[in-house]
Amino acid sequence: MKVKSIFLFLMIYTVSYSQQYTKFRIDDKQKKELLKNGDTNILMIEIYLDDNERNINTGRSSLSDPNNYIVSAKKKSESNPKLYKNICLECYKAEYNFQRDRVSGIIEQRLPLPEENSFGERKKTFALENQKRDSIYNSKFKEIKEKPYDRFILAMDMLGKKNGISYGNFTIFTNMDEELARTRFSLYLQNNGYTYGTDSKQINKPNFIQEYYIPKTALNNEVNNYIEIKYYYSVHNELPSYYTTTLDGEFPCWLIDKVIIEGTTGVIINIYVNYWLQSRKTIDSDKTGEIAKHTFMGDYISLQRIGLNKCRIEITKQGGDGMNYYTSYKILERYNELK
């Protein structure tokens with residue numbers, strides 16, 4: 001009954017959203033005029049906002065922030081006021097702020113959903129958590145300075161920073177909480193021009209999750225680009241999940257056993273080269289099968305050519321067992337101290 005109430009709440013908000021926050025949108029003629037002058041700011045702002053709206057209406061809480069484009073558009077409007085006549089940049093900002101308010105509502109009403117529920121119903125609270133972590137911790141952790149996953153998250157953010165990867169976007173994969181690792185990598189893809197693709201290719205079933213991404217914008221030779229990610233995990237009730245330590249309630253800990261990232265060749269090689277910049281990599285371009293490999297912490301990362309214009313990154317446990325991050329980063333020890 002409560003799930004139905006949340007759905008009704010979102011539907012009412014959607015009607016309100018359409019009526020109050022999209023009526024100022026510019027028409028196609030104005031967009032063409034902007035593009036003719038080489039200005040893509042408004043186009044990107046609307047793409048981000050539309051993508052956010054789809055995420056919210058399917059229960060996802062990760063948002064793409066258009067404010068950089070809004071700032072850029074404001075500068076251009078000052079140098080070319082005629083081109084920006086009748087364009088309300090503050091309205092775009094208000095629309096994004098309204099979306100953030102609605103995401104806050106989703107997080108506050110987050111429910112542990114059965115495994116068989118559709119992919120779109122799973123709540124992705126991590127993006128907003130990065131901004132408001134202290135305000136949403138379970139009451140038993142409120143007065144404690146160090147939270148169970150803090151050391152691990154700090155280490156990942158420091159490694160990401162060295163490689164120019166945004167805060168909250170870098171992660172190892174195997175032997176780590178699936179929700180935490182998957183969401184950090186999802187944010188990386190979304191911050192690098194990708195968005196969720198066809199809903200039918202998003203799969204959520206016991207011990208397996210599949211996500212499917214396509215470019216937010218694409219040139220003619222990029223329209224077929226895609227990224228398909230398969231997460232294989234096992235349940236470990238002896239360990240605390242990330243959400244158990246940050247939200248009210250008990251959530252199962254799903255540890256990743258293997259990840260497969262498939263897609264068009266250029267896209268996958270770009271991820272392989274840029275996401276793990278710490279490791280030197282030599283790519284053999286003349287064969288099918290494994291064309292490069294390296295290890296990073298407990299992950300064994302294999303780049304494979306599997307077909308015409310199709311590659312795969314397969315991430316498995318180094319040495320068969322990988323690393324125990326719950327011991328090395330004192331996640332379990334800290335959690336037990338707070339019980």
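Distances between placed amide hydrogens fall under 5 Å for ASP299 paired with GLN318, all partners being 5 or more residues away or on another chain. On the beta carbon distance between ASN336 and LYS216, with R0 = 35 Å, the FRET formula returns roughly 0.25. Note on ALA94 and SER200: the model spin-label points, each 7 Å out from Cα along the C-beta direction, lie 4.0 nm apart. Reducing region 170-222 and region 288-328 to their Cα centroids gives an inter-centroid distance of 17 Å. Annotation for region 271-339: GluC sites (Glu not before Pro) lying in DSSP loop with at most 12 further Cβ atoms inside 10 Å of their Cβ do not exist. Restriction of the trypsin sites (Lys or Arg not before Pro) in region 240-337 to DSSP coil positions whose beta-carbon has at most 10 other beta-carbons within 10 angstrom yields ARG280, LYS287. The phi-based Karplus calculation (6.51 cos²θ - 1.76 cosθ + 1.60; θ = phi - 60°) puts the 3J(HN,Hα) values of region 191-207 at 6, 10, x, 10, 9, 5, x, 3, 4, 5, 9, 9, 10, 9, 9, x, 6 Hz, whole numbers, x for Gly and Pro.
Whole-Hz Karplus values for region 294-310 come out as 6, 10, 9, 6, x, 9, 9, 10, 10, 9, 10, 8, 10, x, 5, 6, 9 Hz, taken residue by residue from phi with 6.51 cos²θ - 1.76 cosθ + 1.60 and θ = phi - 60°; glycine and proline positions read x. Between VAL235 and GLU290, residue separation times 0.36 nm minus the direct Cα-Cα distance comes to 16.8 nm. Applied to region 81-96, the Karplus parametrisation 6.51 cos²θ - 1.76 cosθ + 1.60 on θ = phi - 60° returns per-residue 3J(HN,Hα) values of x, 5, 5, 9, 4, 6, 9, 9, 5, 5, 5, 5, 5, 5, 5, 5 Hz, with x for Gly and Pro. Extension gain, VAL71-ASP27: 0.36 nm per intervening residue step, less the Cα-Cα distance, totals 13.8 nm. Between PHE208 and SER166, the FRET efficiency from the beta-carbon distance, with R0 = 22 Å, is close to 0.20.
The Cα atoms of region 159-279 give a gyration tensor whose axes a ≥ b ≥ c have a/c of 1.5 or more with a/b greater than b/c, which makes the shape prolate.
Applying 1/(1 + (r/R0)^6) with R0 = 30 Å to the Cβ-Cβ distance of LYS310 and LEU277 gives a FRET efficiency near 0.80. Short-range pairs are left out: with C-alpha atoms under 8 Å and at least six residues apart, the relative contact order of region 258-339 is 29 percent.
Available extension along the chain between THR264 and ASN191 is 24.4 nm, counting 0.36 nm per residue and deducting the alpha carbon span.
Laboratory data are not the source of any read-out in this text; all were calculated from the coordinates shown. Keep in mind that what you see is a predicted model, and the values were worked out from it rather than measured. Glycine also receives a Cβ, built like all others from the backbone with ideal geometry; neighbour counts cover every protein chain displayed.
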